[in-house]
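What follows is a set of notes on a single structure, which appears directly below.
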Amino acid sequence: MNFKLSITNLEGKKVINFANNSNDFVEVVFTIDGKEVKRGKDITSITKGYAYPPNLEKTVKKMEDGSLLPFSENGGEVVACIFGGSGKYKDEDIEKPAFARHQLVSKVKFKRSSNEPIEILKVTY
């Protein structure tokens, strides 16, 4: 299994956990009940997500504005649209050890090869 999507609790709040177990960089656009997670807007084919380097598992805890993820109290669905392409760490970070580079996940350059996802994962919460 190259990718894994789950909902977990962290400090009493629901968060999205995603693992990229592949050897490739990917971009992931998460939605909660049809709205993308970064800004809470409708998703389009050009909506940008989070870059995940190879072999990285990381949680998404908040929206871009710092607010909590908008999980409904009645439950719903989280979707991860995974896009292929080419990615790399910024040049100044490439000499750092892997564990340090994984802390720099927001400093990854990624260019999609297509606006069509290579895989879509869904999980109910």
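With each label modelled as a point 7 angstrom along the Cα→C-beta vector, the LYS88-ILE7 pair spans 3.9 nm. Electrostatic bookkeeping for ASN20 treats Lys and Arg as +1 and Asp and Glu as -1; over the other residues with beta carbon under 13 Å from its beta carbon, the sum is -2. Seen from SER113, the other residues with C-beta closer than 12 Å to its C-beta sum to a net charge of -1, counting Lys and Arg as +1 and Asp and Glu as -1.
In order along segment 21-29, the Karplus-derived 3J(HN,Hα) couplings, from 6.51 cos²θ - 1.76 cosθ + 1.60 at θ = phi - 60°, round to 8, 8, 9, 10, 6, 9, 10, 10, 9 Hz, and Gly and Pro are given as x.
Which aspartates and glutamates, if any, have their Cα less than 16 Å from the Cα of LYS88, not counting same-chain residues under 8 positions apart? Here the aspartates and glutamates satisfying the reach criterion relative to LYS88 are ASP24, GLU27.
For the pair GLU77 and LYS14, the difference between a 0.36 nm per residue extended length and the Cα-Cα distance amounts to 21.4 nm. Specify whether the C-alpha gyration tensor of segment 1-65 places it in the rounded, prolate or oblate class, a ≥ b ≥ c being the square roots of the eigenvalues: rounded for a/c under 1.5, otherwise prolate if a/b is larger than b/c and oblate if not. Oblate is the answer for segment 1-65, as a/c is 1.5 or above yet b/c matches or exceeds a/b.
Summing +1 for each Lys or Arg and -1 for each Asp or Glu among the other residues whose beta-carbon sits under 12 angstrom from that of MET63 gives +3. Distances between placed amide hydrogens fall under 5 Å for VAL26 paired with TYR52, all partners being 5 or more residues away or on another chain.
Can you give the extra length, in nm with one decimal, that the chain gains between ASP65 and THR44 once fully stretched, where that is 0.36 nm per residue apart less the Cα-Cα distance? The ASP65-THR44 span can extend by a further 5.6 nm.
When the C-alpha to C-alpha distance is required to be over 26 Å, the pairs from LYS14/LYS109; LYS14/LYS35; LYS61/LYS109; LYS13/LYS111 that qualify are LYS14/LYS109; LYS13/LYS111. For segment 20-75, applying the loop criterion from DSSP together with a ceiling of 14 other beta carbons within 10 Å to the chymotrypsin sites (Phe, Trp or Tyr not before Pro) yields no site.
Every number in this text was worked out from the coordinates using simple rules, so none of it is lab data. For clarity, every value in this text was computed on a predicted model and none was experimentally measured. Counting neighbours? That spans all protein chains shown, and the Cβs are built from the backbone with ideal geometry, glycine included.
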